[in-house]
Amino acid sequence: MALNSKERVRAALLRQPVDRVPTFMWFHPATARRLAEVLEVTPAQVGEAMGNDIRQAWVNNNYAMEGIVHECEGDSHVDCWGIGWVRRGGFNQVMSFPLAEVSAEELTGYRFPTDHHEALLQEMVPVMAAREEYFIGVDVSPCVFEMYWRLRGMEAAMLDLVTAPEAAEQLLGRCADFSVMLSVAACERFDVDWLWLGDDVAGQQSLIMSPEIWRALIKPHLKRVADVGKRRGLPVAYHCCGALHDIIGDLIEIGVDVLNPIQCNCPGMDPVALKQEFGRELAFMGGVDTQGLLPNGTADEVRRVTERLIDRMTADGGGYILAASHTVPPETPDENIFAMYQAAGVSREAIFDRAAAIRAEPRTAHD
């Protein structure tokens, strides 16, 4: 039973038989460059060559973080939100916040870049070219609080939640409004397979705010974004790093169907335990340890641990997409990466064959 990527992911989410577990990996830029040399493809083609089953594009502020790639450390840009970014450690990091110096009462004066929404939506066009074969997502993150702090700065944002909740709630709502607008436009224009939300609200040990504050100020607005997908019968995926166990039940309540990335080293985030607790209502994507196992284990350990993870996460027939708990770090040996894919039923030979096929295709401007 050979399935294409779209069929494979859909079947897994429905707990139906699949030919192999679906995969969706993110690679640190340095990892992608190294694999690109090994496979003789471009860094942008590494995910395809490795066998990723999902393709999606950022149409919100994560495009400014992930989609604009600087070649050199220290290179920078200012996005259409007025947020300043600089490349550090291979990633774009926020270096300036447009609302950092204003009072909480002055937040209402901020103007979201609604005149740029058409350009942002155009990022979906190259992805849609593969819609017949691949599972297609539209990423509208960051949706609520994470967008707020990128505008305001983390310290001021956290202070606002406690000392100026009414002003904070208004700007949080406007952050969600922008995500809703993009979600509606993208879902109406493009034949997507899921709506991808993201809103990091957790650290390595716990939520960065109390569950009560999250439920009062964040949850209602996140639900409005999720509702866009639910009204169209689409699965809703949600990304939040860290220890978010305390609000997983709430996420299910507002319509989240798939949780990512399952940082397995954080308290309460053991993927198998989460599967046992929430697996009837929630699918999972992630859980492969990027802090210990991938960079430090042997290839045999990576294969065995990944096989065991897949077996346990699919014990009910599916509901799981193999992914790492973060980007695959540059210190990960190539053999460990190939061993992880081997555990998923994607052989080294198949990867190199796919890379050869990619090389034989005409290049496009996005490659």
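The values are calculated or read from the model by the stated rules, or taken from the named source; none is laboratory data. Since the structure is predicted, the reported quantities are computational estimates derived from the model, not experimental observations. A quick note on method: Cβ atoms are made from the backbone with ideal geometry, for glycine too, and the neighbour counts reach across all protein chains shown.
Cβ-Cβ distances below 7 Å connect the following pairs, each with a first residue in region 274-287 that is over 18 Å from ALA243 (Cβ atoms), a second residue that is at pLDDT below 95 and of a type in the set (Asp, Glu), and a separation of six or more residues or different chains: GLY279/ASP316. Being touching a strand residue (DSSP E or B) at 6+ places or on another chain (Cβ under 7 Å) and either buried (at least 16 other Cβ atoms within 10 Å of the Cβ) or part of a loop (DSSP other than H, G, I, E, B) (or both) is a property that ILE351 lacks.
Taking first residues from region 178-193 that are within 17 Å of MET147 (Cβ to Cβ) and partners that are among the charged types (D, E, K, R) and surrounded by fewer than 21 Cβ atoms within 10 Å (Cβ to Cβ), the Cβ contacts under 7 Å between residues at least 6 apart in sequence or on separate chains come to VAL180/ARG224.
Would you be able to say whether some residue in region 298-317 is of a type outside the set (A, V, I, L, M), at pLDDT below 95 and within 23 Å of ASN52 (Cβ to Cβ)? Yes, that holds for at least one residue. Which of the following residues is part of a loop (DSSP other than H, G, I, E, B) and in contact (Cβ under 8 Å) with a residue 24 or more places away in the chain: VAL9, VAL18? Answer to the selection: VAL18. Against the list (1) in a helix (DSSP H, G or I); (2) modelled with pLDDT of 95 or more; (3) surrounded by fewer than 15 Cβ atoms within 10 Å (Cβ to Cβ), the condition ALA44 fails is (2). Among the residues of region 316-328, are any in a helix (DSSP H, G or I) and either over 30 Å from MET209 (Cβ atoms) or among the acidic types (Asp, Glu) (or both)? Checked region 316-328: no residue is in a helix (DSSP H, G or I) and either over 30 Å from MET209 (Cβ atoms) or among the acidic types (Asp, Glu) (or both). Here the condition is being modelled with pLDDT of 95 or more, surrounded by 18 or more Cβ atoms within 10 Å (Cβ to Cβ) and in contact with a helix residue (DSSP H, G or I) (Cβ under 9 Å, 6 or more places away or on another chain); of THR327, THR290, THR332, it holds for THR332 alone. Within region 47-86, which residues are of a type in the set (Phe, Trp, Tyr), in a strand (DSSP E or B) and touching a residue at least 40 places away in the same chain (Cβ under 8 Å)? Answer for region 47-86, where residues must be of a type in the set (Phe, Trp, Tyr), in a strand (DSSP E or B) and touching a residue at least 40 places away in the same chain (Cβ under 8 Å): just TRP58. Take LEU151 and decide whether it is part of a helix (DSSP H, G or I), without any contact (Cβ under 8 Å) to a residue 40 or more places away in the chain and farther than 30 Å from GLU7 by Cβ. No; evaluated as a whole, the condition is false for this residue.
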